[in-house]
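Since the structure comes first, as structure tokens, the remarks are kept for the end.
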Amino acid sequence: MTNATKHIALVCPGGPISRELADNVADIARKEHGDTIRLHFHDQCFSSCGHFAGTDTERSEALLAVANDPKFDAVWFARGGYGAARLDEQLFTKLNDYANRKTYIGYSDAGFLLARLHKENIGRSVHGPMPTDLPRNNGETAIKRVLEFLVSGNTSEIEPNALSGKPVAAFNITILAHLCGTDWLPDLSGHVIMLEDVAEYLYRIDRAMFTITSNPKISNAAGFRLGRVSDVPENDRPFGESDEELIKNWCARKNIPYLGRADIGHDADNKIVPFGATLCA
């Protein structure tokens with residue numbers, strides 16, 4: 001571990017955040033790590049254009065600027081929510097060598113960007129908490145988890161099943177289904193794919209799994225692990241299977257191994273999953 005200060009850039013590919021949230025997260029970083037880490041919230045995080053944190057062009061330019069800036073060691077997506085898929089596809093062709101050295105961390109809709117970066121072999125995509133998790137119950141723990149990972153790279157903050165040395169990836173189920181059929185989806189053959197979701201009817205999760213397991217870039221995966229599927233709305237009649245039962249069903253149909261549970265989800269317990277292969281220290 002180096003004593004040099006880690007400089008972390010934050011941008012919002014989807015919706016904006018408040019300056020109060022940014023200040024609160026920065027305060028946690030200072031209290032926990034002093035000068036070891038410094039957070040830099042791009043002004044774009046506080047812009048507003050309809051649903052989004054600035055126009056598609058503004059959000060694209062903000063990500064391109066921080067990714068290509070040699071000052072920053074990592075890019076932390078400050079918020080999920082719809083918008084990442086609307087970024088300019090050309091930005092991925094403009095990323096330089098400095099962008100290739102960075103860690104990119106987030107989850108939910110940020111999965112669109114993690115997927116495309118993983119496909120293009122740019123930097124390292126990491127599924128993990130974001131600043132907007134702070135208001136959650138025990139949310140400060142989630143923020144500290146990311147800060148510790150970014151400062152030290154300590155594997156204690158990583159989802160244990162991601163430490164086997166096998167390539168892994170993690171996605172929100174709905175986002176992964178929407179990636180199917182697009183140029184943003186990486187080849188996940190041989191990967192252990194960890195899945196989670198929130199606020200979706202089980203029949204929609206089932207529908208998404210039909211799409212996911214039918215895609216040739218996924219059907220040769222090493223297997224699926226299921227994280228938490230939380231805040232499931234109540235349908236007019238029961239679906240008839242649990243979240244885990246329906247995942248097992250699609251794995252059996254498509255001859256993809258089901259490997260058990262994963263400790264990820266839309267909550268403060270959401271563990272870190274670096275894409276690719278990671279060995280336990």
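The values are calculated or read from the model by the stated rules, or taken from the named source; none is laboratory data. Computed from a predicted model, the values in this text were never measured in an experiment. Ideal geometry is used to build each Cβ from the backbone, glycine not excepted, and the neighbour counts take in all protein chains shown. Only protein heavy atoms, including side chains, enter the accessible area calculation; ligands, DNA and RNA are left aside. Shrake-Rupley method; radii C 1.70, N 1.55, O 1.52, S 1.80 Å.
Per-structure values
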{"quantity": "Hits in the range 250-267 - residues which are open to solvent by less than 80 Å² (accessible area, probe 1.4 Å) and assigned to a loop (DSSP other than H, G, I, E, B)", "calculated": "256, 257, 262, 263, 264, 265, 266, 267"}
{"quantity": "From the options 64, 113, residue that is open to solvent by less than 30 Å² (accessible area, probe 1.4 Å) and either of a type in the set (A, V, I, L, M, F, W, C) or out of contact with any strand residue (DSSP E or B) (no Cβ under 8 Å at 6 or more places or on another chain) (or both)", "calculated": "113"}
{"quantity": "Every residue from the range 190-215 that is of a type outside the set (D, E, K, R) and either open to solvent by less than 30 Å² (accessible area, probe 1.4 Å) or in contact with a Ser or Thr (Cβ under 7 Å, 6 or more places away or on another chain) (or both)", "calculated": "191, 192, 193, 194, 195, 198, 205, 208, 209, 212, 213, 215"}
{"quantity": "Which numbered condition residue 247 misses (of (1) in contact with a helix residue (DSSP H, G or I) (Cβ under 6 Å, 6 or more places away or on another chain); (2) open to solvent by less than 40 Å² (accessible area, probe 1.4 Å); (3) assigned to a helix (DSSP H, G or I))", "calculated": "(1)"}
{"quantity": "Those residues of the range 116-146 which are surrounded by fewer than 24 Cβ atoms within 10 Å (Cβ to Cβ), aliphatic (A, V, I, L, M) and farther than 18 Å from residue 266 by Cα, in sequence order", "calculated": "122"}
{"quantity": "Unique residue being under 28 Å from residue 90 (Cα atoms), assigned to a helix (DSSP H, G or I) and hydrophobic (A, V, I, L, M, F, W, C) when the list is 212, 218", "calculated": "212"}
{"quantity": "Qualifying positions in the range 268-281 - part of a loop (DSSP other than H, G, I, E, B) and under 25 Å from residue 116 (Cβ atoms)", "calculated": "270, 271, 275"}
{"quantity": "Residue under evaluation residue 187, criteria (1) surrounded by 15 or more Cβ atoms within 10 Å (Cβ to Cβ); (2) in contact with a Lys or Arg (Cβ under 8 Å, 6 or more places away or on another chain); (3) acidic (Asp, Glu), criterion not met", "calculated": "(1)"}
{"quantity": "Pairs with Cβ under 7 Å, 6+ apart, first in the range 39-63 and more than 17 Å from residue 132 (Cβ to Cβ), second part of a helix (DSSP H, G or I) and open to solvent by 30 Å² or more (accessible area, probe 1.4 Å)", "calculated": "56/86"}
{"quantity": "Flag if residue 237 is in a helix (DSSP H, G or I), open to solvent by 30 Å² or more (accessible area, probe 1.4 Å), without any contact (Cβ under 8 Å) to a residue 40 or more places away in the chain and of a type outside the set (Gly, Ala, Ser)", "calculated": "no"}
{"quantity": "Residues within the range 1-38 that are without any contact (Cβ under 8 Å) to a residue 24 or more places away in the chain and farther than 19 Å from residue 140 by Cα, tallied", "calculated": "2"}
